[in-house]
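Here's the structure, in structure tokens; my notes come after.
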Amino acid sequence: MTGVVHSGRPTGLGWPPPTARPTPSPTFGHSSPGAPGAETRQVTLDWLISDALLTIPGTHMASIHKEIQVRQTRDVAWDAIRDVGAIHKRLVPGFVTNCRLEGDTRYLTFGNGMTIREIIVDVDDLHYRHAWSARGEPLTHHNASIQVFAEGESACRLVWIADVMPHEVAGAIAEMIEHGLKTMKATLEG
């Protein structure tokens, strides 16, 4: 699978990360045009469709957009995602080690020991979309959603978007999202 990485940040400031990526696959294409002045490069990974980290001009907010294709039906993937109180068991075991749901608030413990409180904003069965907002240091703002799109009869695409402040935490959050998506893929395909 191929994807395109877009960055509104100039090169040489730590973006894109210096990780080696395989060459694009000629059998699957997914691309979108880059913003004017944005760096664009092709990537191919068996789990990644596209990946973007954008800085919103005039703010210190970053918008993170990551997608992954999963060999599982949309309904099966959505059933695990919409079970917001059991993600540590059904969706991202190991990445999230504990999950406690109290009303519309979810308390998570991650595999790295980090804890966070999240407000469940929406679980939309019509659009296969879950939205939440993380609260607590070091975040001054966090909104995120994950949406499931059918890719034929036996596969789906998960799209995770997060807007975060301060911008300086975006790299760490993007890495966590990537790890979370890899875990989702392994769990849902397992």
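Restricting attention to region 80-104 and to residues that are touching a residue at least 40 places away in the same chain (Cβ under 8 Å) and not aliphatic (A, V, I, L, M), the residue that is farthest from residue 184 (Cα to Cα) turns out to be 82. Just one of the listed residues (190, 171) is closer than 18 Å to residue 71 by Cβ, surrounded by fewer than 16 Cβ atoms within 10 Å (Cβ to Cβ) and out of contact with any Lys or Arg (no Cβ under 6 Å at 6 or more places or on another chain), and it is 190.
Scan region 94-102 and tell me whether some residue there is more than 24 Å from residue 76 (Cα to Cα) and outside any loop (DSSP other than H, G, I, E, B). Yes: region 94-102 contains one or more residues that are more than 24 Å from residue 76 (Cα to Cα) and outside any loop (DSSP other than H, G, I, E, B). Taking the conditions (1) out of contact with any Ser or Thr (no Cβ under 9 Å at 6 or more places or on another chain); (2) closer than 15 Å to residue 81 by Cα; (3) surrounded by fewer than 17 Cβ atoms within 10 Å (Cβ to Cβ); (4) among the small types (Gly, Ala, Ser) in turn, residue 180 satisfies each one other than (3).
Among the residues of region 105-125, is there at least one that is touching a Lys or Arg at 6+ places or on another chain (Cβ under 8 Å), in a strand (DSSP E or B), in contact (Cβ under 8 Å) with a residue 60 or more places away in the chain and not aliphatic (A, V, I, L, M)? No, every residue in region 105-125 fails to be touching a Lys or Arg at 6+ places or on another chain (Cβ under 8 Å), in a strand (DSSP E or B), in contact (Cβ under 8 Å) with a residue 60 or more places away in the chain and not aliphatic (A, V, I, L, M).
To keep it simple, each residue is scored yes or no on (1) buried (at least 16 other Cβ atoms within 10 Å of the Cβ); (2) among the hydrophobic types (A, V, I, L, M, F, W, C).
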position: 115; (1), (2): no, no
position: 127; (1), (2): no, no
position: 132; (1), (2): yes, yes
position: 135; (1), (2): no, no
position: 142; (1), (2): yes, no
position: 145; (1), (2): yes, no
position: 148; (1), (2): yes, yes
position: 155; (1), (2): yes, yes
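Residue 36 meets each of the listed conditions (1) more than 23 Å from residue 154 (Cα to Cα); (2) at pLDDT 50 or above; (3) exposed (fewer than 14 other Cβ atoms within 10 Å of the Cβ); (4) not hydrophobic (A, V, I, L, M, F, W, C) apart from (2).
Evaluate the following for residue 86: is it within 15 Å of residue 145 (Cα to Cα) and either surrounded by 14 or more Cβ atoms within 10 Å (Cβ to Cβ) or more than 17 Å from the chain's Cα centre (by Cα) (or both)? No; evaluated as a whole, the condition is false for this residue.
The values are calculated or read from the model by the stated rules, or taken from the named source; none is laboratory data. In this text, all values refer to a predicted model and were calculated from it rather than measured experimentally. Glycine also receives a Cβ, built like all others from the backbone with ideal geometry; neighbour counts cover every protein chain displayed.
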